[in-house]
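Presented below is the structure to which this report refers.
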Ligand code: NDP
């Protein structure tokens, strides 16, 4: 008997390679039946409520406050009071201590937050655990480091806080977007009123516990939940000095119109339709991983998702074949299963939008491919989808689908790739896959996108600025650039003017 035979004797080779269920326990999260609004460090009883649900099974999770204009006013007043009564005058090194504390508490309670994020938003637990939570904590750490170095970040410019920041965030990265907004605002000495998205308020509400644990002075951060009306009341409030918004281009434009002439500062991080450009000299298997990560990560609910794949004609067929084979291995299902790659669609509304645009793709003549997969009966689901034979004019090549849907187009030359990649009203991100460093730089200079990834996709770091061109918005979040929207400068004084 050979050595190999003996080993097989002891450990039979499995015949079935499917994954066994690996559900994450949810008992680490203790939900309240009803949540108030977090104003001035206290829970304030709302006059109206709505129910937030779990998109994986449509089960109700909790009753959430629908903040009215009067509630928003109370929150802005609390933020103003905290700004004037100490927070803005606190030395940067003292503000930093609170931010460091928040970062550490987020790390300590990471599992609780990750489970809640997946429960309320539908994203796979391995993403909330390995991406959202570590990055959210890293953001607080990073901006804690800047709090006492603002004069070095902007030499000769005398930075000072803007005042009260109104911040409105979407549902695709609820806690991470909260961190992107709150960390730089506080580091610069501002106070905050933040409105989470209607469908995903729970991690922002749990974050209020963290604020108390960190003993952040009352009123420095206020959280008002509710739908678009609450967001609009915050935008319109006279006591707000700056609005930071992440969400759809449509609402972003409406906010910009409302703020015109008010003197309020504004940053907008809006939609995208990123081009992921694959040249024939790239490592195709690696590119396939990047394409999959680019569009199926977080069910494609990503503003910088690589939703348009441009394949050089000479490798189009092998690339699409490999991609389809890879799609067959994606596990779609329960977001709380640790093996899941593609979780639940965030809401009924979003599912309707995806379905409508996919139907438009079929009607316009594109070829659809979806791998065989069994979708759960309850909840909101959409199979990973690839469209080939797509023309540039099709809606699926022009509009942000914000779902797990990829449109594949082709090109022959680098010039053509640039022209087609830039043929979009958006300009948030792009990807290039090639062995040639010079070609990466050539492409990066020509593609009109705030972020260009080379031989990778969807990589984030708090020290790296993120933001768009054209209809993807303006202003940068992350890095030293991310401090600027939260500061005013006394330039003239500094120069003796
Ligand atoms: P919205 O732009 O409506 O939502 C973003 C945030 O703005 C939410 O907190 C929302 O509240 C709030 N809001 C809505 N209306 C107003 C208003 N008039 N004034 C102030 N704040 C407001 O995005 P949706 O959730 O409706 O998604 C629609 C589409 O937008 C998606 O299909 C996707 O294409 C795109 N999108 C892009 C995002 C990005 O990161 N670029 C993020 C989210 C969506 P509420 O949640 O209650 O509506």
Matching entry among 294, 290 (being buried (at least 21 other Cβ atoms within 10 Å of the Cβ), in contact with a strand residue (DSSP E or B) (Cβ under 7 Å, 6 or more places away or on another chain) and closer than 30 Å to residue 185 by Cβ): 294
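Yes or no, residue by residue, for (1) under 19 Å from residue 201 (Cβ atoms); (2) outside any helix (DSSP H, G or I); (3) free of Cβ contacts under 8 Å to residues at least 60 places away in the same chain; (4) touching a strand residue (DSSP E or B) at 6+ places or on another chain (Cβ under 8 Å):
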site: 74; (1), (2), (3), (4): yes, no, yes, yes
site: 102; (1), (2), (3), (4): yes, no, no, no
site: 106; (1), (2), (3), (4): yes, no, no, no
site: 112; (1), (2), (3), (4): yes, no, no, no
site: 116; (1), (2), (3), (4): yes, no, no, no
site: 126; (1), (2), (3), (4): no, no, no, no
In the range 231-255, residue nearest to the ligand (Cβ to nearest atom) [restricted to those that are surrounded by fewer than 17 Cβ atoms within 10 Å (Cβ to Cβ) and under 24 Å from the mean Cα position of the chain (by Cα)]: 248
Single condition residue 67 does not satisfy, out of (1) in contact (Cβ under 8 Å) with a residue 40 or more places away in the chain; (2) under 18 Å from residue 38 (Cβ atoms); (3) in a helix (DSSP H, G or I): (3)
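Run down 360, 383 and say which single residue is surrounded by fewer than 22 Cβ atoms within 10 Å (Cβ to Cβ) and touching a helix residue (DSSP H, G or I) at 6+ places or on another chain (Cβ under 7 Å).
Values: 383 fails: touching a helix residue (DSSP H, G or I) at 6+ places or on another chain (Cβ under 7 Å).
It is 360.
Scanning the range 160-178 for residues that are assigned to a strand (DSSP E or B) and surrounded by 22 or more Cβ atoms within 10 Å (Cβ to Cβ), which turns out nearest to the ligand (Cβ to nearest atom)? So that I can check it myself, show each step before the final result.
The first filter runs over the range 160-178 and keeps only residues assigned to a strand (DSSP E or B), leaving 160-161, 164-168.
If we keep only those that are surrounded by 22 or more Cβ atoms within 10 Å (Cβ to Cβ) too, we end up with 161, 164-168.
Values: 161: 23, 164: 16, 165: 14, 166: 9, 167: 10, 168: 5 Å.
Across the range 160-178, the extreme among qualifying residues is 168.
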Which condition does residue 332 not pass, out of (1) touching a strand residue (DSSP E or B) at 6+ places or on another chain (Cβ under 8 Å); (2) touching a residue at least 40 places away in the same chain (Cβ under 8 Å); (3) surrounded by fewer than 19 Cβ atoms within 10 Å (Cβ to Cβ), if it passes all the others? (3)
Selection within the range 425-469 - more than 22 Å from residue 132 (Cα to Cα), within 13 Å of the ligand (Cβ to nearest atom) and either part of a strand (DSSP E or B) or out of contact with any helix residue (DSSP H, G or I) (no Cβ under 8 Å at 6 or more places or on another chain) (or both): none
Looking at 493, 477, 484 in this structure, which one is farther than 22 Å from residue 422 by Cβ, more than 13 Å from the ligand (Cβ to nearest atom) and at pLDDT 95 or above? 484
Residue count, the range 342-357, condition outside any helix (DSSP H, G or I) and touching a helix residue (DSSP H, G or I) at 6+ places or on another chain (Cβ under 7 Å), comes to 4
When residue 317 is run through (1) touching a residue at least 12 places away in the same chain (Cβ under 8 Å); (2) in a helix (DSSP H, G or I); (3) away from the ligand (no atom under 16 Å from the Cβ); (4) out of contact with any strand residue (DSSP E or B) (no Cβ under 6 Å at 6 or more places or on another chain), the failure sits at (1)
Could you tell me which of the residues 189, 226, 261 is within 9 Å of the ligand (Cβ to nearest atom) and either free of Cβ contacts under 8 Å to residues at least 12 places away in the same chain or on the phi > 0 side of the Ramachandran plot (or both)? 226
Where the second residue is near the ligand (Cβ under 8 Å from one of its atoms) and part of a helix (DSSP H, G or I) and the first is touching a residue at least 40 places away in the same chain (Cβ under 8 Å) and under 22 Å from residue 74 (Cβ atoms) and lies in the range 194-215, which pairs have Cβ atoms under 8 Å and are six or more apart or on separate chains? 195/230; 195/231; 195/234; 198/228
Which of the residues spanning the range 264-309 are farther than 23 Å from residue 370 by Cα and more than 10 Å from the ligand (Cβ to nearest atom)? 264, 265, 266, 267, 279, 280, 281, 282, 283
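The values are calculated or read from the model by the stated rules, or taken from the named source; none is laboratory data. Note that the structure is a prediction, hence the values are computed from the model and not measured. Here the Cβ is made from the backbone with ideal geometry for all residues, glycine too, and neighbour counts use every protein chain on show.
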